Amino acid sequence: MSGIEPLSFHTSCHFIAELSKAAKTGMRSALRSCPKCHFNMLEALMHCIREHGQDGAVYVSDLARDTRQPLPAISRGLRILEQDGTVVREPDPADRRKTLVRITPQGYEACRQCEEALSDYFACVIARLEPEQIAQMQALQGALMDAILAENAARDQEPEGGPNHDKDL
């Protein structure tokens, strides 16, 4: 026996929840000086355009699929972004039944300011760590992600038919 106690499920979940809560608090504080732009939605749209878009636009249905959100929720979010002047929706010229969405120059600028503020915040967080701690954190992030992906792959190989416990996750 190595003498190292395994992490319990409860301890791990509690740590991840507290880490997320503390980071979100700091991120909200860092974004106070930025223009209000519904950054999460705008950033998700920017990612979707990079991944699936053409000519700087993406179909609303692709955004819904990419974010795993219902179409009505995406439409409500886009309406708010339109009112803020950060996105525009337009019919697809090739198929007017489909709607394209693109980020306006104002939206790109707001996103840039938010990304800069968050980058500065996390640079300050990292500056509080010793170089050895940073190296350990980087190594452990990779190791943890590799372990999670390996376990997920192993479970994907198991036959289906058991209870589906992930409906609420």
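Observations, loosely collected:
- Shape of region 101-160 from the C-alpha gyration tensor: oblate (a/c of 1.5 or more and a/b not above b/c, with a ≥ b ≥ c the square roots of its eigenvalues).
- Summing Cβ point charges (Lys, Arg +1; Asp, Glu -1) relative to the Cα centre of region 1-86 gives a dipole of roughly 340 debye.
- For q = 0.09, 0.20, 0.22, 0.23 Å⁻¹, Debye-computed log10 I/I(0) when each Cα of region 47-157 counts as one equal scatterer: -0.43, -1.02, -1.11, -1.17
- The dipole here belongs to region 51-169: it is taken about the Cα centre, uses +1 on the Cβ of Lys and Arg and -1 on the Cβ of Asp and Glu, and is about 640 debye.
- Residue (of Pro91, Tyr121, Ile103) at the positive-pole extreme of the chain, dipole from beta-carbon charges: Pro91
- Dipole magnitude of region 22-70 about its Cα centre (Cβ charges: Lys, Arg +1; Asp, Glu -1), debye to nearest 20: 380
- Cα-based helix-to-principal-axis angle, 105-127 vs the chain, degrees rounded to 10: 20
- Fraction in percent of alpha-carbon pairs per bin - 5 Å, region 1-113: 2, 11, 18, 18, 14, 11, 8, 6, 5, 3, 2, 1, 0, 0
- Exposure of Met145 as accessible area (Å², to 10), given a probe of 1.4 Å and all protein chains: 100
- Rounded to 10°, Cα long-axis angle of helix 71-84 versus longest principal axis of the chain: 70
- Cα long-axis angle, helix 9-30 against the chain (0 to 90 degrees, to the nearest 10): 40
The values are calculated or read from the model by the stated rules, or taken from the named source; none is laboratory data. Remember, it's a predicted structure, so these values are computed and weren't measured experimentally. Positions of Cβ are generated from backbone atoms using ideal geometry, with glycine treated the same way; all protein chains shown enter the neighbour counts. SASA here: full protein model, heavy atoms, side chains in, ligands and nucleic acids out. Shrake-Rupley method; radii C 1.70, N 1.55, O 1.52, S 1.80 Å.
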